[in-house]
Structures are given as structure tokens and as C-alpha cells.
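**Student:** Pasting a structure here, questions to come.
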Amino acid sequence: MPLFISRYAGEVMKICLISNAEGTWVIQDIEILNELGYEVKKVVVKATFGPYRIMKLFFKAFFPAYWSDIIFCWFAFPSGFVGVLLSKMLRKQVIVNAVGVDVAYVPAINYGLSLKTHWRWLLNWTLMNADNVIAISKESADNVQNLVSKDVEIIYEGIDVERFRPIKVTKPKQNIILTVGVLSKLNLKRKGFELLVKCIPYVVKEFSNVKFVFVGKKKGGYPVLRDLIEKLGILDYVDFKGYKPDEELIRLYNQCTIFALPSIHEGFPTVISEALACEKPVVSTRLSAIPEVVVNYETGILIGKPQSPEELACAIVTLLKIPSLRTKMGENGREIIAQRFSRKIRKQRMKKMLESLVTKAS
């Protein structure tokens with residue numbers, strides 16, 4: 001019998017949220033849990049998957065977990081492993097949220113923890129021993145079930161449609177093709193940044209009045225992209241903005257003509273969803289969780305060959321040529337995000353899931 005049940009009668013329930021990365025999605029879930037009336041203690045140790053980091057996360061989380069009624073883990077590993085281990089020791093209920101890289105299996109780009117044999121058995125043990133496993137997309141849920149026989153509830157990541165919305169902005173003279181993501185070496189392939197650069201010469205043959213804008217921290221992939229851009233002779237058509245806070249990002253979403261992100265894998269396509277919430281058409285791929293959000297030729301265009309710059313350029317040019325199609329796709333996109341992928345809906349589903357967990361424990 002879990003130790004926390006006696007608290008339910010009158011005290012505020014306490015949740016220990018453990019994550020091996022800190023992002024806007026973790027911050028948003030803390031806000032949601034607070035709004036639902038829970039007291040949250042956040043524990044974050046930024047990930048690598050080495051034993052030292054796992055031990056550090058365990059010791060940092062021990063007392064917050066002891067203090068809490070429920071342990072809620074963002075990522076199945078290593079934070080989920082630590083959370084389940086603590087739940088066994090302290091007799092607490094534990095929820096594991098499968099996100100992306102933790103359960104992904106993408107051998108083409110060597111992406112996903114389940115590719116790492118030496119960690120996989122710990123990942124499987126974590127998933128089997130969690131009281132509840134939830135996932136931020138059907139893609140992530142399917143990846144969990146490919147690893148273990150376990151019921152998984154899909155609670156989509158939520159977009160704050162009150163913040164990410166159409167606003168009046170000064171429109172630039174050029175057509176802006178916007179993309180967003182950290183410019184790491186891994187993301188050159190995973191997010192399709194290299195492919196996006198390679199498609200630019202094909203686009204400018206049709207539309208010279210265009211600028212490709214990259215927003216995101218300049219890490220190891222940035223100099224690689226710069227070298228490729230110089231080699232292709234397209235410096236005049238590219239602008240690297242670096243990291244931008246949400247307020248500035250919302251303005252950039254609204255200024256752009258098209259949002260493009262030809263990813264190979266997305267656990268949940270957050271920035272794509274944010275762009276759609278701002279009524280912008282999307283060009284992306286038919287891979288991973290992206291088709292769960294983007295409806296081909298209704299809210300954007302999805303390419304089938306993420307290694308083809310010509311196909312990507314064709315999709316972008318098609319939207320540049322037809323303003324009315326862009327407008328209709330943007331309107332459809334916001335409607336779908338508001339109806340299926342909003343912060344409000346995530347909050348409702350989280351509330352129902354937590355209430356069900358309490359009832360089951362009782």
C-alpha cells in the first residue's frame with residue numbers, strides 16, 4: 001500500500017517532478033500541476049546518460065521524492081529510471097512520460113536510447129515497473145510498446161494558443177522561410193537543417209525575393225551549415241538569428257511566409273505546432289509524430305523523401321506561388337491545434353490521469 005494515500009483526505013498533494021533536461025515543456029507542466037492544485041518540487045540534472053549523472057540525479061531527487069506523494073518523470077531514461085527506483089524504495093506512485101529520444105529508434109541517424117544495448121534493459125525495466133506510462137504522441141507511445149508490453153496513455157504536448165496566435169506585425173519585404181531548432185551536429189540530419197540549406201538554390205531559381213531564417217542556439221552544427229552555405233553561394237539568402245525568447249519567436253512566426261522543418265524524427269513537433277497556432281503553413285516530412293499534427297495539403301505539405309532537396313524546394317515553391325492556399329492552411333492549422341493539441345487539453349488530460357491514479361491506488 002503506497003504511503004501517500006493518507007494525505008489525500010485534506011492536505012495538498014505533493015509531486016516530485018524529475019527531468020534530465022529543462023525546457024519550456026517541463027516549465028509548462030509545472031504550471032499546469034500548480035493550477036490543478038498540486039505542490040511541485042522540480043529536480044533537474046541535465047542529461048548525459050553516464051553512471052555519474054544518474055547517481056547525481058538519484059541523490060538530488062531522493063529527499064524531494066521522499067517529501068512527495070507522487071513522482072512524475074519527464075523522459076523514460078535516465079529520469080524515469082531514477083523515479084521508478086525511488087518509487088520502489090519509498091513506496092510512492094510513479095508516472096513516466098515518454099518523450100522522444102528516450103524511446104526513439106532511428107538507426108538511420110543513430111538516434112534513440114533504445115539503440116544503446118547497454119542501457120536498453122534499464123529502459124525496459126523502467127517502463128515495466130512504472131505505475132503509469134504516458135506519451136506525448138502516438139509515435140512515442142508506439143515506441144514504448146515496441147520495447148515492452150505496457151498500456152500507454154497518449155497525452156499530447158500542449159501549445160498555449162493564447163500566447164502563440166496571429167498578431168499584427170510589420171511584414172518584411174521578402175518572403176521569409178522560417179525554421180527553429182538548436183543548431184547542433186545531430187540536428188543537421190534529425191531536424192533536416194542540412195537538407196533545408198541544400199534546397200535553397202532550387203527555391204531561388206523560382207523566387208529570388210526570399211530569405212531563409214534560422215532561429216536557435218548556434219552549436220556544433222552552425223559552422224558546418226555556414227561552410228555549406230558559402231560553398232553553395234547562397235549567403236545573401238540566409239539569416240541566422242540565434243536563440244530567441246518566446247516573445248520574439250512569436251513575432252518571427254507571424255512575420256514568416258512559410259515554416260519549414262524537414263525532420264527525420266520528432267517525439268512531438270512542438271515548433272511546427274507553434275507555427276500552426278500562429279496560422280502559418282508548414283512544410284515538413286511524413287515521418288514520426290509530424291503527420292499526427294500536420295494534415296497534408298490541409299495545414300501544410302509533407303514530403304516523402306527527406307533526403308531530396310528538390311522535393312523540399314518544390315513544396316516550398318508551391319506555397320510561395322499560391323497565397324490563398326497559404327492562408328487557408330494557416331487557418332486550418334490553428335483550428336486543429338486549438339481543438340486537439342492545446343495547453344488546455346493537456347491540462348484536462350493530466351487532471352483526469354492523476355485523479356485516475358489516485359482512485360486506482362485507493
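**Student:** Which order do the peptides 138-145, 166-173 come out in when sorted by mean C-beta neighbours inside 10 angstrom, highest first?
**Tutor:** Averaged packing, sorted descending, gives the order 138-145, 166-173.
**Student:** Which whole-angstrom value gives the distance between the alpha carbon centres of the stretch 265-326 and the stretch 62-76?
**Tutor:** After rounding, the separation between the Cα centres reads 38 Å.
**Student:** For the stretch 175-340, what does the alpha-carbon gyration tensor say about shape, rounded, prolate or oblate, given a ≥ b ≥ c as the root eigenvalues, a/c under 1.5 as rounded, and a/b over b/c as prolate?
**Tutor:** Because its axes are fairly even, with a/c under 1.5, the stretch 175-340 counts as rounded.
**Student:** May I pose another question? Which value at 222 nm does the chain reach when only helices count, each DSSP H run of 4 or more adding -39,500 (n - 2.57), with the total divided by all residues and rounded to the nearest 500 deg cm²/dmol?
**Tutor:** It lands at -14500 deg cm²/dmol.
**Student:** Taking only the Cα atoms of the stretch 129-169, how large is their convex hull per residue, in Å³?
**Tutor:** Given the Cα convex hull of the stretch 129-169, per-residue volume reads 88 Å³.
**Student:** Of the labelled options [x] -0.64, -0.78, -1.45; [y] -0.82, -1.00, -1.49; [z] -0.64, -0.76, -1.25, which one gives log10 I(q)/I(0) by the Debye sum over Cα atoms at q = 0.10, 0.11, 0.15 Å⁻¹ as computed for this structure?
**Tutor:** [z]
**Student:** Sort 73-86, 21-34 by the packing proxy (mean of other Cβ within 10 Å over each peptide's residues), most packed first.
**Tutor:** Put in order of decreasing packing, that is 73-86, 21-34.
**Student:** In terms of modelled amide H atoms, which long-range or inter-chain residues lie less than 5 Å from the amide H of residue 75?
**Tutor:** 97, 99
**Student:** How far, in nm, would the chain grow between residue 116 and residue 241 when pulled straight, counting 0.36 nm per residue and subtracting the alpha carbon separation?
**Tutor:** Working it through step by step, the gained length comes to 41.6 nm.
**Student:** Another question about this same structure. On full extension of the chain, what length is gained from residue 27 through residue 66, given 0.36 nm per residue of separation minus the C-alpha to C-alpha distance?
**Tutor:** Value of the extension gain: 11.9 nm.
**Student:** Going by average Cβ density within 10 Å per residue, which order do the peptides 319-331, 122-134 take, highest to lowest?
**Tutor:** Descending mean neighbour count gives 122-134, 319-331.
**Student:** Set the Förster distance to 41 Å, then compute FRET efficiency between residue 39 and residue 295 from the Cβ-Cβ distance, nearest 0.05.
**Tutor:** 0.55
**Student:** Mind checking the full-extension length gain between residue 168 and residue 349? Use 0.36 nm per residue of separation minus the Cα-Cα distance, one decimal, nm.
**Tutor:** Here the segment from residue 168 to residue 349 would lengthen by 61.9 nm.
**Student:** Given 14/351; 198/280; 198/231, which pairs have Cα atoms separated by over 20 Å?
**Tutor:** Among 14/351; 198/280; 198/231, the Cα-Cα distance tops 20 Å for 198/280.
Each value in this text was obtained by applying a stated rule to the coordinates, not by laboratory testing. Keep in mind it's a predicted model, so treat the numbers as computed, not measured. All Cβ positions, even for glycine, are placed from backbone atoms using ideal geometry, and neighbour counts span all protein chains on display.
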